[in-house]
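Everything on this sheet refers to the single structure shown next.
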Amino acid sequence: MAKPSPVSPLAPTDVPEMPAIAGVRLATAAAGIRYKGRTDVLLAVMDKGTTAAGVFTKSKCPSAPVEWCRAVLKNGKAQALVVNSGNANAFTGKTGKASTKLTGDIASKAVGCKPNEIFLASTGVIGEPLDATKFDGVLATLADSAGPDGWMDAAKAIMTTDTFPKVATATVKLGKAKVTMNGMAKGAGMIAPDMATMLSFIFTDAPISAPALQALLKAGVEDSFNAVTIDGDTSTSDTLLMFATGAAAAQGAPKITKASDIRLKPFVKALNVILNDLAEQVARDGEGARKLIEIIVDGATTKASARKIAMSIANSPLVKTAVGGEDANWGRVVMAVGKAGEPANRDKLSIWFNGIRVAKSGTRDPSYNETEVSNAMKNPEIQIKVALGLGKGRDRVLTCDLTKEYVAINGDYRS
């Protein structure tokens with residue numbers, strides 16, 4: 001087993017206190033899924049009547065838990081979530097499918113519900129069979145010991161190469177009642193989500209129907225998790241699930257059946273803040289990362305075109321290594337814009353690094369000062385802005401630099 005990496009220098013310094021969510025109980029354990037003596041299983045138990053929503057990887061080689069969740073999501077109800085780290089249960093054939101069934105059966109008996117009210121998520125090594133018998137007894141014990149606290153322990157239990165747990169919370173008004181929302185995520189490598197991050201879970205006590213919850217989640221993911229990339233690789237296991245217990249109805253929160261309900265406005269705003277917060281934390285914990293990179297593209301023909309160009313820049317190893325080396329090599333940005341396959345005019349292109357214009361109208365800026373720009377590149381947060389001058393399309397994505405540590409982590413990941 002590789003030595004754990006030190007905590008990312010980009011880790012948030014202000015970690016929120018995670019309040020209890022009415023109708024949610026949590027517990028964690030070390031089941032020995034891959035490593036001995038390491039917490040690797042999370043069980044979240046939810047009150048009966050909890051609604052569920054989810055978005056998943058667009059990979060054509062999805063994991064067995066992703067296929068399980070897609071199937072049970074049709075029911076729209078949830079009473080438990082089981083997450084394990086260390087083994088992705090992906091590319092495991094019939095064995096993987098049998099493992100999810102056995103896990104679902106064990107969890108349903110432990111919680112006292114139907115298997116189609118159990119959601120599963122796994123993260124870790126691809127291609128290794130998951131021994132679901134290790135959950136036998138463990139999940140029953142967790143169900144008995146689950147409590148309203150322990151959110152940080154839960155976030156730690158789902159980590160793999162992450163260097164810090166990722167959490168976010170918000171409390172807002174729904175009608176005249178207060179509702180609470182907690183979120184957690186894991187992800188540090190194999191991140192180019194195309195739906196969510198490797199794993200992320202949102203819980204709320206708001207009374208929201210499954211169809212409305214699904215619509216809110218699907219909309220919220222586009223400019224948050226879908227606007228993050230670490231290395232351009234979309235995982236087989238990407239899963240983002242959201243659960244609404246409805247417990248706040250007892251405090252007067254109105255029951256919401258449509259995503260368009262105007263009373264949801266503060267809730268939607270808070271949800272998007274949480275999704276963006278968690279997505280940024282994933283970027284801050286990119287494997288080996290030393291720089292958080294924000295890429296803004298404006299003046300594109302459309303927002304979709306701006307997104308493709310921004311992703312082309314964000315996924316360029318040459319751009320990422322230049323930032324890692326604190327080199328304002330704007331020529332690599334020009335390259336990434338040009339290869340994106342989207343409308344661009346070389347002679348209208350302008351580029352900024354941390355607010356300093358380095359290129360204007362297709363050539364180096366007349367006032368370019370190498371020392372000034374080099375000093376700006378020493379910052380831990382780097383903004384690259386590109387103006388295309390073609391239209392009103394604008395978009396923003398987050399990524400990180402590419403360092404030797406990334407190679408080291410992924411070179412011996414299975415060791």
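The values are calculated or read from the model by the stated rules, or taken from the named source; none is laboratory data. Keep in mind that this is a model prediction, so the values were computed, not measured. Please note: Cβ atoms are built from the backbone with ideal geometry, for glycine as well, and neighbour counts cover all protein chains shown. Each accessible area value is taken on the protein alone, full model and side chains, heavy atoms only, with ligands, DNA and RNA left out. Shrake-Rupley method; radii C 1.70, N 1.55, O 1.52, S 1.80 Å.
So if I place +1 on the C-beta of Lys and Arg and -1 on the C-beta of Asp and Glu, and nothing else carries charge, what would the dipole magnitude of the chain be about its Cα centre? I want it in debye, nearest 20.
Values: 50 positive and 40 negative charges, 222 e Å.
Computed about the Cα centre, the dipole is about 1060 debye.
What whole-number value in Å² describes the accessible area per residue of the chain for a 1.4 Å probe? The partial results should precede the final answer.
Working: 17410 Å² over 415 residues.
Here the residues of the chain average 42 Å² of exposed surface.
When you restrict to C-alpha pairs under 8 Å that are six or more residues apart and normalise by the size of the chain, the relative contact order lands at 18 percent.
State which entries of 77/218; 339/392; 77/101; 265/308 exceed 27 angstrom in Cα-Cα distance in the structure shown. Walk me through the numbers on the way to the answer.
Details: 77/218 17 Å; 339/392 21 Å; 77/101 18 Å; 265/308 29 Å.
Too far apart for the 27 Å limit: 265/308.
Within a Cβ distance under 13 Å of residue 135, other residues only, what is the Lys/Arg minus Asp/Glu net charge?
Details: positive: 101, 109, 134; negative: 40, 105, 131, 136.
Around residue 135, the charge tally is -1.
Of the cross-linked pairs 60/303; 109/258; 60/385, those separated by over 29 Å at the C-alpha level are 109/258; 60/385.
Between residue 250 and residue 136, what is the FRET efficiency for a Förster distance of 35 Å, r being their Cβ-Cβ separation, to the nearest 0.05? Between residue 250 and residue 136 the formula returns 0.50. For residue 360, go through the aspartates and glutamates and keep the ones whose alpha-carbon is under 12 Å away, minus same-chain ones fewer than eight residues off. Within the straight-line cut-off, residue 360 pairs with 347. Mind checking which of 122, 235, 312 has the largest fluctuation in a GNM of the chain, springs on alpha carbons under 10 Å? Highest fluctuation among the options: 312. Each peptide among 109-119, 221-231 gets the average number of other Cβ atoms lying within 10 Å of its residues, and from highest to lowest they stand as 221-231, 109-119.
Computed over the Cα atoms, what is the radius of gyration of segment 55-151 divided by 2.2 N^0.38 Å, N being its residue count?
With N residues counted in segment 55-151, Rg over 2.2 N^0.38 Å equals 1.04.
Per-atom-type breakdown for the chain gives carbon and sulfur 52% of the accessible area (1.4 Å probe, protein chains only).
For the chain, the convex hull drawn through the C-alpha positions has a volume of 134 cubic angstrom per residue. Inter-label distance, residue 262 to residue 15: 4.2 nm, where each label sits 7 Å from its Cα along the C-beta direction.
Would you work out which of 56, 31, 276 lies farthest towards the positive end of the dipole of the chain, given +1 charges on the beta-carbon of Lys and Arg and -1 on that of Asp and Glu, about the Cα centre? Toward the positive end, the furthest listed residue is 56. Label separation (residue 369 vs residue 347): 3.1 nm, computed from points 7 Å beyond Cα along the C-beta direction.
Figure legend: label point modelled 7 angstrom from the Cα of residue 144 along Cα→Cβ; residues of segment 95-111 with amide N under 18 Å from it are 106-111.
To the nearest 20 Debye, how big is the dipole of segment 216-294 about its Cα centre, given +1 on the beta carbon of each Lys and Arg and -1 on that of each Asp and Glu?
Numbers: 9 positive and 11 negative charges, 122 e Å.
Dipole of segment 216-294, to the nearest 20 debye: 580 debye.
Label-to-label distance for residue 308 and residue 269 is 3.5 nm, based on points extended 7 Å past Cα in the beta-carbon direction. Over all projection directions, the Cα-based convex hull of segment 309-415 averages an area of 7.4 nm².
When the chain is treated as a GNM with alpha-carbon contacts under 10 Å, the residue of 48, 60, 97 showing the greatest mean-square fluctuation is 60. Of the cross-linked pairs 291/404; 176/255; 36/97; 74/269, those separated by over 20 Å at the C-alpha level are 36/97; 74/269. Roughly how many Å is it from the Cα centre of segment 30-105 to that of segment 333-394, as a whole number? Between the Cα centre of segment 30-105 and that of segment 333-394, the gap is 43 Å. Neighbours of residue 393, meaning other residues whose beta-carbon lies under 13 angstrom from its beta-carbon, give a summed charge of +3 when Lys and Arg score +1 and Asp and Glu score -1.
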